[in-house]
1. Do any residues in segment 315-329 that are touching a residue at least 24 places away in the same chain (Cβ under 8 Å) have Cβ atoms under 6 Å from those of residues that are among the hydroxyl-bearing types (Ser, Thr, Tyr) and surrounded by fewer than 20 Cβ atoms within 10 Å (Cβ to Cβ), where the two are at least six apart or on different chains, and which pairs are they?
2. So is Val300 of a type outside the set (Lys, Arg), modelled with pLDDT of 95 or more and not in a helix (DSSP H, G or I) or not?
3. With the structure loaded, tell me whether Trp146 is over 13 Å from the mean Cα position of the chain (by Cα), closer than 30 Å to Ser272 by Cβ and at pLDDT 95 or above or whether it fails that test.
4. So, in segment 363-382, of the ones that are charged (D, E, K, R) and in a loop (DSSP other than H, G, I, E, B), which residue ends up most open to solvent (accessible area, probe 1.4 Å)?
5. Pull up segment 155-214, narrow it to residues that are touching a His at 6+ places or on another chain (Cβ under 8 Å) and over 16 Å from Thr228 (Cβ atoms), then point me to the one that is modelled with the lowest pLDDT.
6. Please list, ordered by first then second residue, the pairs with beta carbon atoms under 7 Å, 6 or more apart or interchain, first in segment 92-113 and modelled with pLDDT under 95, second polar (S, T, N, Q).
7. Of the residues that sit in segment 308-344 and are open to solvent by 40 Å² or more (accessible area, probe 1.4 Å) and assigned to a helix (DSSP H, G or I), which one is farthest from Gly245 (Cα to Cα)?
Amino acid sequence: MGTYSRKDFLRLSGLASASLLLPNFLKAAAEADVQRKLLAGNTNGRILVVIQLSGGNDGLNTLVPFGDDLYHSNRPGIGLKANDIITIDKHFAFNGVMKGLADLHNAGHLAMFNSVGYPNPNRSHFRSTDIWQSASGADQNWSTGWIGRYLDSCCMGQPQKPHLALEVDEVLSMALKGNINSGIAAGNPKRLYNLSNDKLVRNVSAAYVPHDHGHEHDEHNVEYLHKTLASTIQSADYLHTHADGFRSKRIYPQHEFGRQMKMIAELIRAESETVIYYVSLPGFDTHVSQNGQQNRLLNVYSDALKQFAEDLKEGGRWDDTVVMTFSEFGRRVKQNAGKGTDHGTANVLFLAGGSLQQKGILNEAPDLKNLDNGDLIYKVDFREVYATLLEKWLKTDAEKVLGGPFKLWDFV
């Protein structure tokens, strides 16, 4: 390998970090000779889309337990009234801005869990997001994510393809980082393609020749940087090609999240190999004047998901797709003095898709009478949902990915 300037090194490292963070790069160097296999062939074309409502969405004003008097007495200022909801039954209703989600429910394409969380919940946005993305316990600190470990588990023996798990963003979340394999972050495939087309990057990648460096750690790191660049460039080329492969005529919400969901639909309809897509909708940290901000975001989420479902139906891919929506925690039951809500614990979780085996509300209503210091007590461990998706939808060994057994449900 030739000698590079500091500026050249930063350019190369910047591209590599589009798919991998440096700590994982160093950690994975010792295992860089492990072969990967193509996991797309393992899933029979099934796709998982993960949506994170970042900031801690208030589940009680999303799937509203309007039939419980305690809901109204705890929320005299922000509790949704009859004109603000779309009723499901005598107890539950959707927030009235979520007509798209109500349509999916009426069509039998939506399932909902109440009171999803984990033992000893943490109300920090960062820590709770780490727990949800790594699938660790609250007393554990893991450096890899559940999707990354899925890639590790399923991709041994085949060339690395980071685009098999794609985060539609500029920065890769912990969820997609594995010990050996990681997904890729691409907020805009064209921009990633242009970056990867840099002459220096292409020359370095083209000059790459695999070596066996034995125990020479520094050489391992250089080798791994080369491999990372090569696989990232290949994925950038692949995504750029498929991003132009289909143009949706659907009108998504005029919002960044709408553009991201449209991009995912176009990649799916262009027959991309990507198996797992990850996307976030931020802004749900509603401590003050909650209803206006939350309603705007829920409307964007609901409308975008409805258009996404219709897009995939038209392309014959909705039955192959499950969309899971979560937030890192819910909000407290009682409203605060600013007509908002503070960080809480358990929350609602949505599942959407054309071939769900169970539909509607899958478990009991949130218990607003028996609280833990003002917070909902979780009834479903979020890792049970992950285990079910891994084992039954993606057809992989969930225990191997999650580090232990968890209850499996029958929604897929």
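1. As it stands, the answer is Asp319/Ser355, since those pairs meet every condition given.
2. It is false that Val300 is of a type outside the set (Lys, Arg), modelled with pLDDT of 95 or more and not in a helix (DSSP H, G or I).
3. It is false that Trp146 is over 13 Å from the mean Cα position of the chain (by Cα), closer than 30 Å to Ser272 by Cβ and at pLDDT 95 or above.
4. Narrowing segment 363-382 to residues charged (D, E, K, R): 364, 367, 369, 372, 375, 379, 381.
Checking the rest, the ones that are also in a loop (DSSP other than H, G, I, E, B) come to 364, 367, 369, 379.
Details: Glu364: 98, Asp367: 51, Lys369: 163, Lys379: 91 Å².
Result: Lys369.
5. Ranking the candidates gives Tyr193 first.
6. Pairs that qualify, where the first residue is modelled with pLDDT under 95 and the partner is polar (S, T, N, Q): there are none.
7. This residue is Asp319.
Okay, residues lined up against (1) in a strand (DSSP E or B); (2) open to solvent by less than 10 Å² (accessible area, probe 1.4 Å); (3) at pLDDT 95 or above:
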site	(1), (2), (3)
Phe246	no, no, no
Arg250	no, no, yes
Lys262	no, no, yes
Ala265	no, yes, yes
Ser272	no, no, no
Asp285	no, no, yes
Gln293	no, no, yes
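The values are calculated or read from the model by the stated rules, or taken from the named source; none is laboratory data. It should be emphasised that the depicted structure is a prediction, and the values quoted were computed from it without experimental measurement. Because the Cβ atoms are built from the backbone with ideal geometry, glycine has one as well, and the counts that use them run over all protein chains shown. Just the protein is used for accessible areas: all its heavy atoms, side chains included, with ligands, DNA and RNA removed. Shrake-Rupley method; radii C 1.70, N 1.55, O 1.52, S 1.80 Å.
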